[in-house]
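These notes concern the structure reproduced below.
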Amino acid sequence: MTLEELHEVIKNCTRCPLHKTRRNAVPGEGDIKLGIMIVGEAPGASEDEVGRPFVGAAGQLLTKTLAELGIQRGDVYITNVVKCRPPGNRPPAREEAAACLPYLLKQISILKPKRVVALGAVSAKTLLGLVGKEVEKVGDVRGRCYPGKIAGVQLEICVTYHPAAVLRNPRLGEDFRRDIATFFKGGLDRYF
């Protein structure tokens with residue numbers, strides 16, 4: 001299956017009740033030029049409207065942070081654990097994340113990233129859980145990378161705050177920017 005074929009499957013998914021309230025499923029977008037995949041929690045209202053990940057206020061902060069490092073948004077693949085917006089932007093339920101997990105695993109299998117940047121608790125718990133690491137809260141693991149194998153792909157899972165959390169609590173901004181800079185600049189030269 002190609003990435004484009006997978007995106008079509010995701011757009012037509014009915015695995016959980018979220019398909020009943022979505023406008024658009026949000027499979028993901030971008031390239032894997034840098035060997036990096038960014039994984040958030042779930043689409044918000046703006047993303048649901050246009051069918052693209054991280055286009056609202058949190059996405060603008062992410063795009064700006066990447067641009068400050070000289071990184072084009074299109075050079076990284078951006079997606080979420082859950083591909084449809086939970087009503088009211090509530091956190092996705094465990095069952096919703098479980099229904100979407102095969103899609104995320106297939107994206108990883110197809111793209112073969114060297115590093116996956118987990119934004120926020122849902123992403124961190126999901127991805128680190130796949131390599132046997134329990135996570136209580138993001139603060140316990142943020143700023144660090146953990147090696148593991150997901151969907152047959154050897155990679156690192158690096159954790160930071162979700163940009164929406166930074167917008168709610170600007171004091172997290174410095175750590176978020178430092179983490180992103182470290183994850184994108186630190187250590188990637190060994191892959192290229």
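The values are calculated or read from the model by the stated rules, or taken from the named source; none is laboratory data. Remember, it's a predicted structure, so these values are computed and weren't measured experimentally. For neighbour counting, all protein chains shown are included, and Cβ atoms are generated from backbone atoms with ideal geometry for every residue, glycine included.
Annotations for the structure displayed:
Listed here are the residues, each with its yes/no results for (1) buried (at least 20 other Cβ atoms within 10 Å of the Cβ); (2) closer than 19 Å to Val82 by Cα.
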{"site": "Ile108", "(1), (2)": "yes, yes"}
{"site": "Leu111", "(1), (2)": "yes, yes"}
{"site": "Ala118", "(1), (2)": "yes, yes"}
{"site": "Leu127", "(1), (2)": "yes, yes"}
{"site": "Lys133", "(1), (2)": "no, no"}
{"site": "Val138", "(1), (2)": "yes, yes"}
{"site": "Val141", "(1), (2)": "yes, no"}
{"site": "Gly148", "(1), (2)": "no, no"}
{"site": "Ile157", "(1), (2)": "yes, yes"}
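- Within the set Ile110, Ile32, Ile71, the sole residue that is touching a strand residue (DSSP E or B) at 6+ places or on another chain (Cβ under 6 Å), in contact (Cβ under 8 Å) with a residue 24 or more places away in the chain and more than 24 Å from Lys20 (Cβ to Cβ) turns out to be Ile32.
- Selection of region 82-97 for residues being of a type in the set (Gly, Ala, Ser) and under 15 Å from Val39 (Cα atoms) yields only Ala97.
- Enumeration of residues in region 38-95 that are surrounded by fewer than 19 Cβ atoms within 10 Å (Cβ to Cβ) and of a type in the set (Gly, Ala, Ser): Ala45, Ser46, Gly51, Ala57, Ala67, Gly70, Gly74, Gly88, Ala93
- The number of residues in region 74-94 that are at pLDDT below 95, of a type in the set (D, E, K, R) and out of contact with any strand residue (DSSP E or B) (no Cβ under 9 Å at 6 or more places or on another chain) comes to 2.
- Of the helices (runs of 4 or more DSSP H) lying entirely inside region 1-108, those carrying at least 1 residues that are small (Gly, Ala, Ser) are 45-50, 57-68.
- Residue count for region 1-43, restricted to those that are of a type in the set (Gly, Ala, Ser) and over 13 Å from the mean Cα position of the chain (by Cα): 2
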